[in-house]
Every structure is written in C-alpha cells, then in structure tokens.
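What follows is a single structure, written as structure tokens, with notes after it.
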Amino acid sequence: QVQLVESGGGLVQAGGSMRLSCSASGRYLGTYAMGWFRQTPGKERELIARMRWNAGSTYYVDSVKGRFTISRDNTKTTVYLQMNSLKPEDTGVYYCAATPKLVITAAPSEYEIWGQGTQVTVSS
C-alpha cells in the first residue's frame, strides 16, 4: 500500500508563495490519480487540485485557478502543489490523496489513500 506524507506547510504572508510536497516514500505513483484537498473547521473537505494518472488532465477549484499548480516530479514519486499569490482564505489543512482508479468527480470518496495533512496559514 502506498503511504503519503505531506510537507511544506507553514505560515506565509498574503501575496506570498508556498510549495507543498506529497511524498510516497519512493513508491511509484505513475498509475495514480493525485488530488490536493483543503479542510477548515466547520467545512467539508474540498478538492483544490487534481491530476489524473497520466498527468494529461488537471482540475482546479475556481478560487485557485491561475494561482495554484499541481505537478509531479520525473521519478513519479512526489507530487507538488505550488501556491502563488496566497490569500488568507487559502488557510487550512491541506491533504494529499491518491487513487489507482479513474477519478470522475471532486468527491473525497473518489480517493483511497490519504496523507495526514499539513497546515497552511496565510496572514492578512
């Protein structure tokens, strides 16, 4: 079973940038769809960005389009979320998720493997 670990979170000022990493401990992720989710207290976990297994199709929630980019390294063992022009409303716990299945919707239930999350806080 693939195990995911997020890193790169922390505190950043509004307008700044941050890159989150999702490590699979050297495991090959080339056949997995990867998603980044965000959760804040009192809200449902929301899909922020998604990359299908072949990296040929990406999805971004409207609120981050043009600011966030999901990508994968050449070894296909790490997935990144580059976040630019950060806003206070981007604050939350970011989770990396993966599934070997074809993703169809933005629902968290599409994903079988989850990391523990990394906190991102954007100050005003």
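Brief remarks on what is shown
- Karplus-derived HN-Hα couplings along region 17-25 (A = 6.51, B = -1.76, C = 1.60, θ = phi - 60°), whole Hz, x at Gly and Pro: 10, 7, 10, 8, 10, 10, 9, 10, 6
- Tail beyond 26 Å, pair distance distribution of the chain (Cα, percent): 13 percent
- Computed over region 1-61, the Cα gyration tensor eigenvalues convert (square root of 5λ each) into semi-axes of 22, 15, 13 Å, ordered from largest to smallest.
- For N84 and R52, the difference between the fully extended length at 0.36 nm per residue and the C-alpha to C-alpha distance is 9.3 nm.
- Reference-scaled alpha-carbon Rg (2.2 N^0.38 Å with N residues) for region 33-73: 1.21
- For the pair Q39 and D73, a Förster radius of 22 Å applied to the C-beta separation gives a FRET efficiency near 0.30, rounded to the nearest 0.05.
- Among S57, C22, L47 - extreme Cα towards positive end, dipole of the chain, charges at beta-carbon: S57
- Paramagnetic reach from Q13 in region 89-124 [backbone N under 14 Å; point 7 Å along Cα→Cβ]: 122-124
- Under 22 Å from K101, Cα to Cα: lysines that are on another chain or at least 8 residues apart: K76
- Distance distribution note for region 52-107: the fraction of Cα pairs above 18 angstrom is 39%.
- Within the accessible surface of the chain, defined with a 1.4 Å probe on protein heavy atoms only, the carbon and sulfur portion equals 48 percent.
- Most to least packed among 14-20, 39-45, 27-33 [average Cβ atoms within 10 Å]: 27-33, 14-20, 39-45
- Net +/- balance of residues flanking V122 in space, Cβ distance below 15 Å, scoring K and R +1, D and E -1: +2
The values are calculated or read from the model by the stated rules, or taken from the named source; none is laboratory data. Here the structure is a predicted model, which means the values were calculated and not measured. Every residue, glycine among them, receives a Cβ derived from its backbone with ideal geometry; neighbour counts consider all protein chains shown. Protein only, heavy atoms only, side chains kept; ligands, DNA and RNA dropped before computing areas. Shrake-Rupley method; radii C 1.70, N 1.55, O 1.52, S 1.80 Å.
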